[in-house]
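Participant: Please find one structure pasted underneath; my questions will follow.
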Amino acid sequence: MEPKKLNRRNKIIIGFVIAVFVLFGANLFRIQVLNADASGEKAVKASTVKVEAARGEIYDRNGKVLVTNKQINSLIFEADYFPGQKEMESRIEIIDSLINLFDESGEEWNDDLPIKLKDEKAKFIKDRDSDISYLKSKDFLNLNEYATAENCLDALISRYSLESYSKKQARKIASVCYGMKKNLFSSSNPYTFADEVSNELIATVKENSEFYRGVEVKIITERQYTDGSIAPHIIGVVGAISAEEYKEKKDEGYSMTANIGKTGIEKKFESYLRGTDGEKSVVVKADGTKETVYTKEPVNGGAVILALDSDLQKKAQDSLEYLVTEKLKDVRSYQLVGSVVVQKIDDGDVLASASYPTYNLDTYWENAGKLNTDKSAPLWNRAIQSTYTPGSTMKLAVAMAGLEEGVITGPSYTVTCKHWYRYYTGYTPKCLGYHGRQNVVDALYNSCNVFFYEVSRLLGISKLNEYCTMFGLGSKTGVELNESEGTLDSVDSRAARGETWTPGLTLQAGIGHGNNQFTPMQLCSYVATVARRGTRKSAHFVKSVMSSDFSQTLYKTQTQVLSQANFKDSSWKLVEEGMRKVGDHYFKDAVVPVCAKTGTTTVTKTINGKKVESNNGILVCYAPADDPEIAISLVIEGASGGASTASLAVDIINEYFKKSDKVNSQQKYDELLG
């Protein structure tokens, strides 16, 4: 029995050995024969590298390019050819040479180490807490949390054997090594040494390619603006992905060196603008030659077509700046600020949205620090993020509520204004004038507070707010960017703050005061709803997103009807008549007749540590009066009143209607899409 068992065991062992040799031989045949090219060279190394897709462009409604891409040279380290960990001396030699080359040429390289040297002493750079934590972590230097910058730099010098270099140069070399480690330098993840490199430096590196092995030129794209001053608050910026963003987005294919939309449309439409990265396979043969095959072609990002008219946007920006810096400069001892919004009546397209002070997209990143600390808040989008007491512009909604509820019985209904409203004992709010007998048309034209105190008292706050809600006051407009909701002053909102509603608050609400707070975008949608006779539509900054070659529609904005108020024609006619009288008075220089309402509110501002009483000027209007095409709202902080701001609206109206033979913007949009 024993010999038989032994024989069987031997057979099994022999069979196993034969199988191994067969598999080895087959694999050798595949490598040497099947994978050999026509010249007989063998492939000895292969890797897959990501090919970045070009970011999508941004256009205005007429097909004008606002944001495109420019090609720039970046210098990268490719792991397949760059000296590895076992060749650290060669790796450091190349890094040191590149740093010297760039420093001598005055060009920047990516110095990301969160340590700086001051008088030969290492210090941590402020606001780099996450980077400092990573530096000390078990994944890198494995130091205690209380380790100093000096401790970290010493550990880096020791880790990379940089003792023979000056402390200044050792810190620079360590910075590159830190960046390579942090960004997971590997065959599939090259390290970017410098983002924008001159052709002269590129030529030097290529001429010395044998020494700079693994240092390659990569053509990348960077955002380029036709005019960086146009609509920066709407377009937004693109920047390097943060650690938090990478953690959230890495499963979507983002690398640690990716760029991503940070604000505005760039952020909101990131998924469309980004595109889909491709892949290429790089095969290195025995003789050192490389062969590249695209295994997955990149798909460039989609083209975002904005609702903005760039010409009208520029006019709005320029006229807003002129109004607050020149025309009204003597009104206040401090700098005035403000915003203006223009919408198309028929579909809610935002044709222009300007905020002042502003900034330039071309210089955003180099000025980011100053912009973020500037007390005038140039990065703040006042048009959709700031809320204001609307003042007398709210009287349009109050007049309509009074007419529809029968409080104002028609054009014959009058209230006598003797400056003071004396219905309540102990509370006698006043009007700005002595208007005498006022009907609804005259009260809108003269902005008579006494008339609207009486109408508001008779309506009551609940009914008054019911109508304001129909006009969208205190509700978001639907624009794609983050907007403030605003506040409609009410019994409930006061109770939430522990306050009790009083009859006097109803009177103040009736003239647009109290705690009513609305954005300029809301006020524009409000007056557009008046122009549409009660149809409230969503507002939007984007018309559509097309594929990069415009062959497919990836996204199309659908204008929504948010509410529909079926009010009587007779009510509309009276409100429109009052607005037309305001327009005829303040818009004499407009090329078309205008319906308008002005407003003024008193506010207290803190200027240089002192409380200063000031006014805000508010204006809403639409044009032409008889066949509305555009609606405008504006708020100027520090203006003497709404009437003083009318020239800004006139400039915009005249720009829009300046050419009788102008091509309709919808036609231009249709032509753009082919």
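The values are calculated or read from the model by the stated rules, or taken from the named source; none is laboratory data. Source: prediction; values computed, not measured. So basically every Cβ, Gly included, is an ideal-geometry build from the backbone, and we count neighbours across all protein chains shown. Side chains are part of the model used for accessible areas, which takes the heavy atoms of the whole protein and leaves out ligands, DNA and RNA. Shrake-Rupley method; radii C 1.70, N 1.55, O 1.52, S 1.80 Å.
Participant: Given a 1.4 Å probe and the protein chains all in place, what does the accessible area of Val283 round to, in Å² to the nearest 10?
Facilitator: It works out to around 30 Å².
Participant: Let me ask you something else. Hey, what's the Cα Rg ratio for the chain versus the globular rule of thumb, 2.2 N^0.38 Å?
Facilitator: It is 1.30.
Participant: Could I ask something else about it? With n ≥ 4 as the cut-off for DSSP H runs, can you work out [θ] at 222 nm for the chain, using -39500 (n - 2.57) per run divided by the number of residues, rounded to the nearest 500?
Facilitator: That comes out to -10500 deg cm²/dmol.
Participant: Roughly speaking, what is the centre-to-centre gap between segment 83-106 and segment 121-196 when only Cα atoms are used, to the nearest Å?
Facilitator: Between the Cα centres of segment 83-106 and segment 121-196 lies a distance of 15 Å.
Participant: For the cross-link pairs Lys118/Lys247; Lys262/Lys329; Lys218/Lys556; Lys182/Lys247, which exceed 24 Å when the distance is taken from alpha carbon to alpha carbon?
Facilitator: The pairs that break the limit, which is 24 Å between Cα atoms, are Lys118/Lys247; Lys262/Lys329; Lys218/Lys556.
Participant: Starting from the Kirkwood radius over alpha-carbon pairs of segment 458-538, derive D by Stokes-Einstein at 4 °C in a medium of 1.567 mPa s and give it in µm² s⁻¹.
Facilitator: 97
Participant: Hey, can you rank 484-496, 198-210, 159-171 by average C-beta count inside 10 Å, highest first?
Facilitator: 484-496, 159-171, 198-210
Participant: Top to bottom by accessible area (1.4 Å), largest first, where do Thr598, Thr373, Thr502, Thr393 land?
Facilitator: Ranked list, largest accessible area first: Thr373, Thr502, Thr598, Thr393.
Participant: Name the lysines eligible as straight-distance cross-link partners of Lys573: C-alpha to C-alpha under 22 Å, and not fewer than 8 places from it in the same chain.
Facilitator: Correct list for Lys573: Lys344, Lys395, Lys463, Lys537, Lys581, Lys588, Lys597.
Participant: Give the ranking of His233, His513 by solvent-accessible surface, highest area first, calculated with a 1.4 Å probe.
Facilitator: The most accessible residue leads, giving His513, His233.
Participant: Given axes a ≥ b ≥ c from the Cα gyration tensor, I'd like to know whether segment 400-537 is rounded (a/c under 1.5), prolate (a/b larger than b/c) or oblate.
Facilitator: oblate
Participant: What is the packing order of peptides 575-582, 340-347, 551-558, taking the mean over residues of other C-beta atoms within 10 Å and listing the highest first?
Facilitator: 340-347, 575-582, 551-558
Participant: I would also like to ask the following. Could you do me a favour and compute the accessible area per residue for the chain, 1.4 Å probe, result in Å²?
Facilitator: Using a 1.4 Å probe on heavy atoms only, each residue of the chain averages 48 Å².
Participant: Let me ask you something else. Volume per residue, Å³, of the convex hull around the alpha-carbon atoms of segment 168-295?
Facilitator: Convex hull of Cα atoms, per residue: 184 Å³.
Participant: Any idea of Met88's accessible area? Nearest 10 Å², probe 1.4 Å.
Facilitator: Surface accessible to solvent at Met88 totals approximately 40 Å².
Participant: Which of the three applies to segment 543-585, rounded, prolate or oblate, going by the alpha-carbon gyration tensor with a ≥ b ≥ c and a/c under 1.5 meaning rounded?
Facilitator: Because a/c hits 1.5 or more and a/b fails to exceed b/c, segment 543-585 counts as oblate.
Participant: Within 10 Å, count the other beta carbons around each residue, average over each peptide in 61-67, 638-644, and list them highest first.
Facilitator: Top of the packing list down: 638-644, 61-67.
Participant: How compact is segment 354-398 by the rule of thumb for globular proteins, expressed as Cα Rg over 2.2 N^0.38 Å?
Facilitator: 1.61
Participant: How many percent of the accessible area of the chain is carbon or sulfur, using a 1.4 Å probe?
Facilitator: 48
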